[in-house]
Each structure stands twice: as C-alpha cells, then as structure tokens.
Amino acid sequence: MGKLIYVTIVAAIVLYGHVAAACNKTSSLFTIERSTNANIVHYDACLVNESELSASDPVEVYWIMESGLRENLTWMEARYAYGIRSPEKLGDGAVEFSLAAFGRKMLVTKIDGIYRAVVSVNGQRSILEKIYVECQTGLLGAPRVLYADFLGQALDTGASIVERVKGQMSP
C-alpha cells in the first residue's frame, strides 16, 4: 500500500511538471477571494503561444498566498473546491468548463483579443472578474460557505454586475 501511494505521488508530480511546462504564457481570467484569509486562488488561460489555448490544460489554477508565494492546489482543493471540471474544447478555440464547487458552466473565449472567462451572472452573459466566498468555520474546522458573490461586467452593456449565490457548496 505504501508503494502505491509513493508511485501515485511521484506520478502526480511528474504529470504536474509536464502540464506546467505546456504553458508558454498565461493570461489572467479571474480570481476567488475568501473571507477567511488573504490567500487568493488564480485562474489563468494557459497559452501555448500568443493566441492559442493549451489543448491538454487550458486553464491553470494556483494559489497566491498572503506571503506572496505561489502554491499549487492540493488534491482535495482541486477535486472538491477550486479545480476545473470537464474542460471541453469548442470549435472556435474556446473552452467550456465548470468549477468543482460551482456547477455553473463557464466559457474561456477571446473578447477583443484577450482571453476572458464568460459566465451567466443574474441571467446576463458577463465577463467574470472575481468570485468572493464568505465562509464560516464549521465542524472539525472545515469551512462552510454562507454565500458566493460572482462579480463581473455584463457583455452587452459593460455595466458592473453581481450575483449572490447562497448555499452549502465547498469553499
């Protein structure tokens, strides 16, 4: 059993190293901020050249900690909270996906030559800029989400837009 865990960890490290090397350049999409501390989850478009999303991993996700250091998501964070689910490449170079904790579909596409995350906010197609998550410490120290605010800019009007989603989603 110990050997299997070791092999799995080594494989994950090797795989992550390969994925990280596939990004020649990144372009910021959006962030997730939480009420619990100043650590921020970043979502970047992973570009293999100036204008093409990576086919294998189109979105790179990582932490910028309070200290300014960059850290990878843990397996648990990627699987149940901040990771990307079901990325699907679309015909025009765009990618559709959802976040592990939020079932809402997002689209990474070019708008005015820049990759953006597009999502429905209050029923309007919007450029997602940030998700703010209000948390409370629950049983055994696990965070309990009170609500998440989706903040963005409406595509049709350019106006700032916010939608509060209440619920029991993962942090």
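The values are calculated or read from the model by the stated rules, or taken from the named source; none is laboratory data. Keep in mind that this is a model prediction, so the values were computed, not measured. Using ideal geometry, Cβ is built from the backbone for each residue, glycine included, and neighbour counts are taken over all protein chains shown.
Data overview
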read-out: Checklist (1) in a strand (DSSP E or B); (2) modelled with pLDDT under 95; (3) crowded, with 16+ Cβ neighbours inside 10 Å applied to Tyr82, failing item; value: (1)
read-out: Count of residues meeting criterion [buried (at least 16 other Cβ atoms within 10 Å of the Cβ) and either of a type outside the set (A, V, I, L, M) or modelled with pLDDT of 95 or more (or both)] in segment 105-116; value: 3
read-out: Val133 in contact with a Gly (Cβ under 8 Å, 6 or more places away or on another chain), in contact (Cβ under 8 Å) with a residue 12 or more places away in the chain, under 21 Å from Arg34 (Cα atoms) and assigned to a strand (DSSP E or B); value: no
read-out: Unmet criterion (only one of (1) out of contact with any Asp or Glu (no Cβ under 7 Å at 6 or more places or on another chain); (2) more than 14 Å from Phe102 (Cβ to Cβ); (3) not small (Gly, Ala, Ser)) for Tyr43; value: (2)
read-out: Residue match in segment 155-170 (condition: outside any strand (DSSP E or B), touching a helix residue (DSSP H, G or I) at 6+ places or on another chain (Cβ under 8 Å) and hydroxyl-bearing (Ser, Thr, Tyr)); value: yes
read-out: Complete set of residues in segment 30-56 that are polar (S, T, N, Q) and in contact with a strand residue (DSSP E or B) (Cβ under 9 Å, 6 or more places away or on another chain); value: Thr31, Ser35, Thr36, Asn39, Asn49, Ser51, Ser54, Ser56
read-out: Where Glu50 falls short, out of the listed (1) part of a loop (DSSP other than H, G, I, E, B); (2) at pLDDT below 95; (3) surrounded by 15 or more Cβ atoms within 10 Å (Cβ to Cβ); value: (3)
read-out: Restricting segment 141-151 to residues that are free of Cβ contacts under 8 Å to residues at least 60 places away in the same chain, not acidic (Asp, Glu) and not in a loop (DSSP other than H, G, I, E, B), the residue that is surrounded by the fewest Cβ atoms within 10 Å (Cβ to Cβ); value: Gly141
read-out: Matching residues, segment 58-73, being within 17 Å of Lys25 (Cα to Cα) and buried (at least 16 other Cβ atoms within 10 Å of the Cβ); value: Pro58, Val59, Glu60, Val61, Tyr62
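Per-residue answers, yes or no, for (1) within 19 Å of Arg144 (Cα to Cα); (2) without any contact (Cβ under 8 Å) to a residue 60 or more places away in the chain:
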site: Thr36; (1), (2): yes, no
site: Cys46; (1), (2): no, yes
site: Ala55; (1), (2): no, yes
site: Trp63; (1), (2): no, yes
site: Met76; (1), (2): yes, yes
site: Phe102; (1), (2): yes, no
